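To keep things clear, I will list the structure first and then write my remarks on it.
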Amino acid sequence: QALGQYPANSPFLSQPAIVERLTKLLGQANYAQALLNLQVSSPLAVEGDVFYVTGNRAHEGGINAVAIGLDEASNTIRVWLLQNSQAHEFAEPGARFAWPRDVQTMIGNSQS
């Protein structure tokens, strides 16, 4: 139902089950940073079995950004978090899915 909607206009990232999983995966501080990094975001998109959203803080795209992916086939989550130009990756056990092309481009651009 949330496909094509922006995080600010849809509660898909605030569903209790998703909040619990992201908080457990990231820890409270990184979870808060991830949400801040969604100030300017893409709508929820899908590529293959992977639903994903990307974002960055306003005017800080190469400094503070995030990508959150959920693989429907394995029911696992991966998060790429860029904080002050330092990249960190978090993955639930078994999350071996490839990032969608848009996310790969975003990650590649942050390394340039």
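The values are calculated or read from the model by the stated rules, or taken from the named source; none is laboratory data. Here the structure is a predicted model, which means the values were calculated and not measured. Positions of Cβ are backbone-derived with ideal geometry, glycine not excepted, and every protein chain shown enters the neighbour counts. Just so you know, the surface numbers come from the protein's heavy atoms only, side chains and all, with ligands and any DNA or RNA stripped out. Shrake-Rupley method; radii C 1.70, N 1.55, O 1.52, S 1.80 Å.
In this structure, Trp99 does satisfy being in contact with a Phe, Trp or Tyr (Cβ under 8 Å, 6 or more places away or on another chain), assigned to a loop (DSSP other than H, G, I, E, B) and surrounded by 16 or more Cβ atoms within 10 Å (Cβ to Cβ).
Out of Arg21, Arg57, one residue alone is among the basic types (Lys, Arg), in contact (Cβ under 8 Å) with a residue 12 or more places away in the chain and more than 18 Å from Met106 (Cβ to Cβ). It is Arg21. Every residue in the range 55-92 that is among the small types (Gly, Ala, Ser), crowded, with 22+ Cβ neighbours inside 10 Å and either outside any strand (DSSP E or B) or touching a helix residue (DSSP H, G or I) at 6+ places or on another chain (Cβ under 6 Å) (or both), please. Of everything in the range 55-92, just one residue is among the small types (Gly, Ala, Ser), crowded, with 22+ Cβ neighbours inside 10 Å and either outside any strand (DSSP E or B) or touching a helix residue (DSSP H, G or I) at 6+ places or on another chain (Cβ under 6 Å) (or both), namely Ala67. Scan the range 21-51 for residues that are part of a helix (DSSP H, G or I) and either of a type in the set (D, E, K, R) or touching a Phe, Trp or Tyr at 6+ places or on another chain (Cβ under 8 Å) (or both) and jot them down. Passing the criteria: Arg21, Leu22, Thr23, Lys24, Leu25, Leu26, Asn30. Restricting Tyr52, Tyr31 to residues that are open to solvent by less than 60 Å² (accessible area, probe 1.4 Å), within 25 Å of Gln111 (Cβ to Cβ) and without any contact (Cβ under 8 Å) to a residue 24 or more places away in the chain narrows the list to Tyr31. Scan the range 102-112 for residues that are hydroxyl-bearing (Ser, Thr, Tyr) and open to solvent by 60 Å² or more (accessible area, probe 1.4 Å) and jot them down. Result: Thr105, Ser112.
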